[in-house]
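Each remark here refers to the structure printed beneath this line.
The values are calculated or read from the model by the stated rules, or taken from the named source; none is laboratory data. Note that the structure is predicted; figures quoted are calculated from it, not measured. Positions of Cβ are generated from backbone atoms using ideal geometry, with glycine treated the same way; all protein chains shown enter the neighbour counts. Just so you know, the surface numbers come from the protein's heavy atoms only, side chains and all, with ligands and any DNA or RNA stripped out. Shrake-Rupley method; radii C 1.70, N 1.55, O 1.52, S 1.80 Å.
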Amino acid sequence: MPNESVDINQIAQQEYKYGFYTDIEMETFPKGLNEDIIRMLSEKKGEPQWMTEWRLKAYHSWLKMEEPHWANVYYPPIDYQDIRYYAAPKRRPLKSLDEADPELIKAFEKLGIPLEEQKRLAGVAVDAVFDSVSVATTYKEKLAELGIIFCSISEAIKEYPDLVRKYLGSVVPPTDNFFAALNSAVFSDGSFVYIPKGVRCPMELSTYFRINANETGQFERTLIIADEGSYVSYLEGCTAPIRDENQLHAAVVELIALDNAEIKYSTVQNWYPGDKEGKGGIFNFVTKRGLAKGKHSKISWTQVETGSAITWKYPSVILQGDYSIGEFYSVAVTNNRQQADTGTKMIHIGKHTRSTIVSKGISAGQSNNSYRGLVKITANAEYARNFSQCDSLLIGDKCGAHTFPYLEVNNPTARVEHEATTSKIGEDQIFYLNQRGISKEDAISLIVNGYCKEVFLELPMEFAVEASKLLSISLEGSVG
Amino acid sequence: MLKIKDLVVKVEDKEILKGVNLEVNTGEVHAIMGPNGSGKSTLANVIAGKEGYEIVSGEIWYKDINLLELPPEERAKLGIFLAFQYPVEIPGISNATLLKTAINEIRKARGEEELDAMEFLSLMREKMKLLEMTEEMLSRSVNAGFSGGEKKRNEIFQMLMLEPKLAVLDETDSGLDIDALKIVANGVNLLRQDMSDRAIIVVTHYQRLLNYIIPDFVHVLYNGRIVKSGNKELALELEAKGYDWLKSEDKVTV
């Protein structure tokens with residue numbers, strides 16, 4: 001029907017909702033990367049000598065490494081000397097939100113995440129990262145009463161050097177991979193969490209990321225330690241403004257769970273995916289890994305990935321402690337010309353370890369969505385169990401879905417199950433729902449939300465609502 | 001209520017409807033019969049607004065609204081309902097979710113308040129009982145793993161829930177055994193209890209269904225045209241003679 005195609009076109013032409021640029025005075029370094037830049041960065045941040053050396057060591061490893069190209073993604077070569085490795089709002093440090101640049105607060109408000117509102121309503125402590133420097137950390141005192149440390153990693157390096165030195169790089173060593181090495185050399189800021197023995201963190205800890213300065217690579221570093229018998233749920237969510245140049249983002253997240261501890265890490269990722277022709281957009285090359293170190297420890301990753309031009313991301317769990325548990329729940333959406341190669345690694349080392357993988361890929365437009373997962377049962381991992389389920393949903397006929405499951409089983413007592421399905425949203429399904437009074441966009445949203453239900457159930461309540469909205473926005477105009 | 005004028009429709013360059021004229025007034029039940037390939041389903045789909053049909057010429061008016069200008073969901077909101085010949089399976093969406101969304105969309109369009117969960121549930125229970133359906137069907141995904149009979153019954157259930165103004169049943173009887181057929185017909189007759197602002201079009205290949213849903217008018221669609229119209233007796237005549245005798249009549253009218 002002619003009318004409809006007009007509507008769909010209009011919707012398809014809606015621009016990235018969170019695309020705006022905030023005019024805040026920035027302090028930036030010259031482009032390029034060398035030892036001097038790293039020293040300058042370290043000095044700027046007032047870091048101790050050991051940290052500077054740690055960075056330099058990582059930088060020298062990085063120099064010897066090559067950018068990996070095994071993922072099922074394609075992009076023009078990145079010129080690492082054409083990137084600015086530091087950008088920070090000029091006025092700082094801030095003791096409270098009142099001292100923050102009003103422009104900055106406005107930017108947060110545009111994103112629909114006014115910090116004050118968050119504090120009051122949601123009971124969420126927010127460590128807001130605006131470009132590279134933490135601007136405001138809330139709820140800190142309340143958490144401090146319980147002995148919980150929730151601060152920027154820069155602050156942790158200064159205030160809690162023993163903890164940082166013990167754990168930083170213990171799960172993702174600087175030599176782990178090209179992007180992890182780069183991050184280790186130049187990470188600008190990020191979050192640090194420590195939950196003491198036996199403490200159950202009473203609120204969801206949350207960080208909102210935002211890439212703002214032009215041509216500034218963003219290198220976040222997050223370190224979360226759950227001591228024996230503790231529990232924490234951590235939320236990560238982000239949006240970024242429209243940019244013509246591709247922006248590199250190479251974060252590292254390390255999680256450590258000791259005996260009987262549990263870490264739940266949830267992500268809603270909505271960075272600028274580029275325009276319909278694939279121009280612009282974020283390159284998201286992230287290393288996320290958890291070490292279930294203690295007995296009966298548990299690490300759970302839940303991610304909803306809708307943004308970025310390219311996603312290269314495999315949140316993993318090393319199941320080292322006996323009876324430890326690793327989980328990975330993922331929804332990855334690609335539309336237009338987005339490319340995602342994402343999945344997980346579950347490395348079973350301890351006895352009676354269990355892992356669950358539920359991956360839901362949704363491809364629309366001319367995008368490419370790959371699931372890549374490794375389940376490895378080492379020789380000592382008696383009675384390890386894994387269940388994997390990888391589903392792909394195709395919208396339209398120009399997109400692609402790929403599944404690359406790798407299995408390495410070195411112990412005969414292991415039990416590993418893998419299920420995979422591929423389905424397609426057909427025009428017949430859409431018409432059926434249309435005929436019941438449901439619009440095309442709502443129809444897709446209903447089908448997709450039904451398909452993702454298992455993963456959404458793993459998200460904290462308010463995040464689940466946000467995620468479901470995000471999916472609808474991401475898939476707008478995908479069926480025409 | 002519904003006025004179709006000289007409707008010519010092509011599918012992939014092939015003319016399927018070659019000038020259909022049909023008028024359906026409030027309170028009437030019309031049966032459209034015809035052999036396979038005569039264009040019955042095309043007509044039903046074009047009324048509902050399915051894509052993939054090229055409207056070459058002609059008009060479809062619903063009350064005083066030009067239907068051809070509206071997307072299918074807007075037509076549905078006006079009260080037009082199509083019971084599908086082949087209801088699709090939609091994994092992941094439960095029957096209850098589909099119905100709740102559909103009912104509230106339609107209510108919203110009519111300026112009525114949305115039904116709350118309790119009202120909705122009691123309404124569903126009431127209608128399910130009438131169709132001898134079990135409640136576990138509500139939590140199952142739409143038509144997923146349903147037998148042919150269950151799918152058709154589910155269509156009628158949705159129809160009763162949505163209480164359409166103009167209901168079009170596209171070969172709802174096909175693939176049904178006699179017991180299921182009676183239940184489906186019973187559902188249609190329930191809708192028929194109040195025809196004050198309602199009309200029903202029953203598209204069927206066989207006369208069988210019309211034993212249970214007595215039509216006010218019967219039309220024979222043949223080779224893209226309505227070649228004969230009459231009352232319920234026409235259906236019996238078709239049952240006795242088959243469709244072959246119409247071929248000669250068709251030539252006469254051309």
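Among residues other than A:D227 with Cβ under 10 Å from its Cβ, the summed charge is -1 (Lys and Arg +1, Asp and Glu -1).
Amide hydrogen proximity for B:V218: with H placed 1.01 Å from N in the peptide plane, the residues at 5 or more positions away or on another chain lying under 5 Å are B:A31, B:G230, B:N231. Once the 1.4 Å probe is applied to the protein heavy atoms, segment B:55-211 comes out at 41 Å² accessible per residue. Tally Lys and Arg at +1 and Asp and Glu at -1 over the other residues with C-beta under 14 Å from the C-beta of B:N21: what net charge comes out? Once all neighbours under 14 Å are counted, the net charge is +2. Each Lys and Arg Cβ is given +1 and each Asp and Glu Cβ -1; about its Cα centre, segment B:79-190 then shows a dipole of about 100 debye. With Cα atoms defining each centre, segment A:256-298 and segment B:183-217 are spaced 57 Å apart in the structure. Per-residue Karplus couplings for segment B:152-164, computed as 6.51 cos²θ - 1.76 cosθ + 1.60 with θ equal to phi - 60°, are listed in order as 5, 5, 5, 4, 5, 4, 4, 4, 5, 5, 7, 6, x Hz, Gly and Pro entered as x. For the segment A:442-451, counting C-beta atoms of other chains within 10 Å of every residue's C-beta and taking the mean gives 4.
With a 1.4 Å probe rolled over the protein heavy atoms of all chains, the accessible area of B:T134, B:T204 falls in the order B:T134, B:T204, largest first. Computed over protein heavy atoms with a 1.4 Å probe, the carbon and sulfur contribution to the accessible area of chain B reaches 47%. Applying the Karplus relation 6.51 cos²θ - 1.76 cosθ + 1.60 with θ = phi - 60° to segment B:31-47 yields 3J(HN,Hα) values of 10, 10, 10, x, x, 4, x, 7, x, 4, 5, 4, 4, 4, 5, 5, 4 Hz, where x marks Gly and Pro. Lys-Lys pairs in segment A:237-396 that are eight or more residues apart or on separate chains and whose Cα atoms lie under 18 Å of each other come to 23. Packing here is the average count of other Cβ atoms within 10 Å per residue, and on that basis the peptides B:152-164, A:419-431, A:329-341, highest first, run A:329-341, B:152-164, A:419-431. Across peptide A:422-435, the average count of Cβ atoms from other chains found within 10 Å of a residue's Cβ is 6. Computed on protein heavy atoms with a 1.4 Å probe, the accessible areas place A:H69, A:H296, A:H418 in the order A:H69, A:H296, A:H418, largest first. Shielding by partners for peptide A:172-181, expressed as the average number of C-beta atoms from other protein chains within 10 Å of each residue's C-beta, is 0. Association of chains A and B removes close to 2400 square angstrom of accessible area from solvent, both sides included, for a probe radius of 1.4 Å.
Residue by residue, segment B:106-121 carries 3J(HN,Hα) couplings of 5, 4, 4, 4, 8, x, 9, 6, 5, 6, 7, 4, 5, 4, 5, 5 Hz when phi is fed to the Karplus relation 6.51 cos²θ - 1.76 cosθ + 1.60 (θ = phi - 60°); x denotes Gly or Pro.
Taking all protein chains together and a 1.4 Å probe, the residues A:T344, A:T175, A:T378 rank A:T175, A:T378, A:T344 from largest to smallest accessible area.
Using only the Cα atoms of segment A:363-417, build the gyration tensor, take square roots of its eigenvalues as a ≥ b ≥ c, and label the shape rounded, prolate or oblate: rounded if a/c is under 1.5, else prolate if a/b is larger than b/c, else oblate.
Prolate.
What does the charge count near A:Y383 come to, summing +1 for each Lys or Arg and -1 for each Asp or Glu among other residues with Cβ under 12 Å from its Cβ? Display every interim value, and only then the final one.
Numbers: positive: A:K351, A:R354, A:R385, A:R415; negative: A:D322, A:E382.
My count for the surroundings of A:Y383 gives +2.
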